[in-house]
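Computed from the coordinates by the stated procedures, all read-outs in this text should not be read as laboratory data. Owing to the predicted nature of the structure, the values given are computational and were not obtained by experimental measurement. Positions of Cβ are backbone-derived with ideal geometry, glycine not excepted, and every protein chain shown enters the neighbour counts.
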Amino acid sequence: MAEQTGSMIVPQVSVDSVERARSFYIEKLGFAHMMGVVGKDGKFDFGIVTKDGAMLMFTRPMEKLDGTGEKHPTRRPVELYIYVQDVDAYHDEVKAKGVAVAEPLTTQWWGDRNFAVEDPYGYRLWFTENVQEFSQTQPPAGVKVV
C-alpha cells in the first residue's frame, strides 16, 4: 500500500456480499479495485475500492448484523459525499451504464455541483465537484450560515 500523509476517513460498510457491492462500484460507478481479502470459503471478507482519491471499504460481518442485505427497506442514515473530477462527465458516464440517478445534477447555492445515486444496499452516494466560490450572501431564504 502507498504511504499515507495527513488524515483521512475510510468508511467501512458491512454488506452480505462484498462481491456484489464491489462489482457495482467498479462496473457501474467506475471505481477501481484497490485490494481485498478472500476468506477460507472463497468469498471476499473485505474489499477496498477507490475513486479520485476517495476510498471505501466493504466488509462481510463475521457475526449476524441486521441491515446488511440489499435494498434496505428504508433510506440509510449515512450518505457518502464523494468529490470527483468533472462531475458533469461523470454523471453522463454513470447514466450511460444504466445507473438510476436518485437526485438530479444540480449546482448548489454553496458552490458544489452534484448528483446522487443509490447502491444495491440502499446507501445514497453524492458525487460532487466544487464549481464556484461559496458566498454567504446567497443562501436560500430562511437559511442562516454561521
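Filter region 14-31 down to the residues that are surrounded by 18 or more Cβ atoms within 10 Å (Cβ to Cβ), aliphatic (A, V, I, L, M) and out of contact with any Pro (no Cβ under 9 Å at 6 or more places or on another chain) and list them by number.
Those that are surrounded by 18 or more Cβ atoms within 10 Å (Cβ to Cβ), aliphatic (A, V, I, L, M) and out of contact with any Pro (no Cβ under 9 Å at 6 or more places or on another chain): V18, L29.
Going residue by residue through region 115-134, is there one that turns out to be free of Cβ contacts under 8 Å to residues at least 12 places away in the same chain and on the phi < 0 side of the Ramachandran plot? Full working, then the answer.
Narrowing region 115-134 to residues free of Cβ contacts under 8 Å to residues at least 12 places away in the same chain: none.
Looking through region 115-134, none of the residues is free of Cβ contacts under 8 Å to residues at least 12 places away in the same chain and on the phi < 0 side of the Ramachandran plot.
Out of region 30-66, which residues are under 12 Å from S14 (Cα atoms) and either basic (K, R) or in contact (Cβ under 8 Å) with a residue 40 or more places away in the chain (or both)?
Matches in region 30-66: L56, M57, F58, T59, R60, P61, K64, L65.
For region 74-89, indicate whether the set of residues that are of a type outside the set (G, A, S) and at positive phi is non-empty.
Yes, some residue in region 74-89 is of a type outside the set (G, A, S) and at positive phi.
Looking at region 67-79, which of the residues that are closer than 21 Å to V10 by Cβ and touching a Pro at 6+ places or on another chain (Cβ under 8 Å) is surrounded by the fewest Cβ atoms within 10 Å (Cβ to Cβ)?
Taking region 67-79 first, the residues closer than 21 Å to V10 by Cβ are 67-68, 76-79.
Those still in the list that are touching a Pro at 6+ places or on another chain (Cβ under 8 Å) too: 68, 78.
Working: T68: 16, V78: 9.
Among residues in region 67-79 that are closer than 21 Å to V10 by Cβ and touching a Pro at 6+ places or on another chain (Cβ under 8 Å), the one surrounded by the fewest Cβ atoms within 10 Å (Cβ to Cβ) is V78.
Could you please find all residues in region 87-127 being polar (S, T, N, Q) and closer than 27 Å to V15 by Cβ?
N114, the sole residue that qualifies.
Just checking, how many residues over region 124-146 are of a type outside the set (V, I, T) and either in contact with a helix residue (DSSP H, G or I) (Cβ under 9 Å, 6 or more places away or on another chain) or assigned to a strand (DSSP E or B) (or both)?
The total comes to 6.
Return yes or no: is V84 touching a residue at least 60 places away in the same chain (Cβ under 8 Å), surrounded by 17 or more Cβ atoms within 10 Å (Cβ to Cβ) and not polar (S, T, N, Q)? Before the answer, list the steps.
Working: touching a residue at least 60 places away in the same chain (Cβ under 8 Å): no; surrounded by 17 or more Cβ atoms within 10 Å (Cβ to Cβ): yes; not polar (S, T, N, Q): yes.
Answer is no for this residue.
Considering only region 90-104, state which residues are among the small types (G, A, S) and either surrounded by 13 or more Cβ atoms within 10 Å (Cβ to Cβ) or closer than 18 Å to E79 by Cα (or both).
A100, A102
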